[in-house]
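Student: Pasting a structure here, questions to come.
Coordinate-derived values only; no laboratory data. Here the structure is a predicted model, which is why all the values come from computation and not from measurement. All Cβ positions, even for glycine, are placed from backbone atoms using ideal geometry, and neighbour counts span all protein chains on display.
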Protein chains: 2
Amino acid sequence: MALRHAVLAALLDGEYSGYQLAKAFDVGVANFWHALPQQLYAELTRLEKEGLVAGRQVIQENRPNKRLFHVTDAGRAELEEFAAAVAKPSFIRDDLLVKVQVADRIGTASVIEQLEERASAAEAKIELLGKLLRQLRGDADEEEFLRRGERIGPYLTCLRGIAFEQGHRDWCLRIATVLRERRTTHAER
Amino acid sequence: MALRHAVLAALLDGEYSGYQLAKAFDVGVANFWHALPQQLYAELTRLEKEGLVAGRQVIQENRPNKRLFHVTDAGRAELEEFAAAVAKPSFIRDDLLVKVQVADRIGTASVIEQLEERASAAEAKIELLGKLLRQLRGDADEEEFLRRGERIGPYLTCLRGIAFEQGHRDWCLRIATVLRERRTTHAER
DNA sequence: CTTGGCTATGCAACGAGTTGCATAGAAGGA
DNA sequence: TCCTTCTATGCAACTCGTTGCATAGCCAAG
C-alpha cells in the first residue's frame, strides 16, 4: 500500500479527476510521489470500491465527461493511520549510480554525457520547483510563511525536492569533471 | 532489467557468493543499489543461465558449501551496452514525504517523531559511509585519489550516498523544527 | 542445554510499477 | 486537409520488488 496514500494526500487539497491527478503525478507532485495515469485510474477505482474516496460524474460539452473525486471520512481515517505507522527507510535507486560505479572499468565517454544531461535536467527542475515555492508562499518570506502559513505541507515536500535536485546536479557535475580530467591524465583505453 | 546490472557491477570487483552479495546489497552497496537475498539468488540463477556470469562450487567444512560467481566476457559486454544506453530520470519515493505533505492537516506528533528517527538514522549512515570513503582512498587526500586512484567507481557512488543522507538529515531536522514550533504558536487541534 | 544468530540457498505468492494499446471527439497548426 | 496534441478513461501483459517460509549444521551466549 504505497500509492493509495499519495492519492489520498493529493485529494485532500480538493476535488480532482484521474486525468488531473495524472498530470500532477507525472511531474512528481513537487517531488513527493510519481505515478503513471494507468496506475492512478486503477488506484482510484480501488479506493472508490473501498469507500475511501467518492466520485461524482461531471457532464461536459465539447470534451469527454469526467469524474471528480474527493476523500471520504473513511479515507481521512486511513490517512491518519498511515501517518502514525512507521515508515521504512528509503533508498536511492538510479541506473546512473550503477554506471558510475563501473565507469572506470568500462568506457567513460557515454557516462560523462549522461551525467551532464542529468545535471541540466536537474537544473531545470530546480527552477520549476523554485517558482512553485514562491507561488506557494505568496508575499511572505519563508520563515514567516512556515510559521503562520495555512497550508505548508506542499511547501515542505517541495523543499526536499529542491534539495534533492541540487545534490543530484552538484554530484553529476563533480563526477563528470573528475572523469573528464582522468581521461586527459590517464592512458585511455 | 535493473538489478542485473547492479549485480554484474558488483561482481566486477571479484568473486562473490549470493550470500556475500546479499550482505552488501542489504546495506545498499554504498548506496548504489539495494536488494534482498531472494532477489539476488534468483538473479544469479538467471544470469548464469544466460551466460553472463559463471559460478564455481566451493566445498567447505563446518559450514554449507557455496558458489562463487564471476562475470563472463558476455556479461562484461552486457554491462558496456547498459552503460551506453540512456538512463531514465530517477524519483524520490518515500512514505515520509507523503506524511509531511499532509502533516498540517492531520496529526503532526507522530510525523515529528519519525522525522527525528530518520535524521539519526541518516546520521549513522553518514558516519558509516565516511569511514568507507577514508578506507577506499587510503593515505591520499580526495583530490589526489580521484585523479590517480585505480578504482574510483565505488568512491564516487559513495559520495552521492553521503550527500543524499546529509540532505535527508538536514531536511528532516528542519521540518521537525518547523512543525514543532507551529505546535506551540498555533491552536493545536 | 536451549536459544538465538550466522552461513548458505532457494521456492511461492503477492503487491507495486512499467509498457503497450484502445477509444474518441475537439482544437489548432502546417 | 491532414497531423498532432489535448482531454478523459481504462484493460492486459509483464517485470520488478517484497513478504513469508523452508532447510540445516555450526557456534557462542545465557
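Student: Please compare each pair in A:Lys99/B:Lys131; A:Lys125/B:Lys131; A:Lys66/A:Lys131; B:Lys23/B:Lys125; A:Lys88/B:Lys23 to a cut-off of 26 Å on the Cα-Cα distance and tell me which ones are over it.
Tutor: A:Lys125/B:Lys131; A:Lys66/A:Lys131
Student: What is the average number of partner chain Cβ atoms found within 10 Å of a Cβ in A:116-125?
Tutor: Whole-number average of other-chain Cβ neighbours for A:116-125 is 1.
Student: Considering chain B as a Gaussian network with a 10 Å cut-off on Cα pairs, which listed residue, B:Val100, B:Val53, B:Val178, attains the greatest mean-square fluctuation?
Tutor: Taking springs between Cα atoms under 10 Å, the residue moving most is B:Val178.
Student: If I model a spin label at B:Glu116 and A:Ala84 as a point 7 Å from the Cα along the Cα→Cβ vector, what separation in nanometres do I get?
Tutor: Spacing of the two 7 Å Cα→Cβ label points: 1.9 nm.
Student: Quick check on chain B: helices-only [θ] at 222 nm, where DSSP H runs of length 4 and up contribute -39,500 (n - 2.57) each and the sum goes over total residues. Nearest 500, please.
Tutor: -21000 deg cm²/dmol
Student: Mind checking A:162-175 for the average number of partner chain beta-carbons within 10 Å of each residue's beta-carbon?
Tutor: Per residue, the average neighbour count from other chains is 4.
Student: On to the next question. For helix B:18-27, report the angle its Cα long axis makes with the longest principal axis of the Cα atoms of chain B; keep it between 0 and 90° and round to the nearest 10°.
Tutor: 20
Student: Could you list, bin by bin from short to long, the percent of Cα-Cα pairs of the stretch B:1-94 in 5 Å steps?
Tutor: The distribution over the stretch B:1-94 is 3, 13, 23, 24, 19, 11, 4, 2, 1, 0, given as percents.
Student: May I pose another question? Given the options A:Gly51, A:Gly18, A:Gly161, state which has the largest fluctuation in a GNM of chain A using a 10 Å cut-off (strictly under) for Cα springs.
Tutor: A:Gly51
Student: A:His70 to B:Thr185: FRET efficiency via 1/(1 + (r/R0)^6), r the Cβ-Cβ distance, R0 30 Å, to the nearest 0.05?
Tutor: Once the sixth-power term is evaluated, E becomes 0.50.
Student: Cα centroids of the stretch A:1-75 and the stretch A:86-159: how far apart, whole angstrom?
Tutor: The two parts, judged by their Cα centres, are 24 Å apart.
Student: Nearest 0.05, what FRET efficiency do B:Ala77 and A:Glu150 give at R0 = 45 Å with Cβ-Cβ as r?
Tutor: So the FRET efficiency works out to roughly 0.20.
Student: In 5 Å bins starting at 0, how do the alpha-carbon pair distances of the stretch B:42-189 split up by percent?
Tutor: Calculated over all Cα pairs of the stretch B:42-189, the distribution is 2, 7, 11, 10, 10, 12, 14, 11, 9, 6, 4, 2, 1, 0 percent.
Student: Classify the stretch B:50-119 from the C-alpha gyration tensor, please: rounded if a/c falls under 1.5, else prolate or oblate depending on whether a/b exceeds b/c.
Tutor: Oblate shape, in that a/c is at least 1.5 and b/c is the bigger or equal ratio.
Student: Then there's this: So what does the Cα-only Debye profile of the protein assembly as shown read at q = 0.14 Å⁻¹, as log10 I(q)/I(0), no solvent term?
Tutor: -1.25
Student: Let me ask another. Helix A:37-49 versus the longest principal axis of chain A: what angle, 0 to 90°, nearest 10, using Cα atoms?
Tutor: Result, in degrees: 30.
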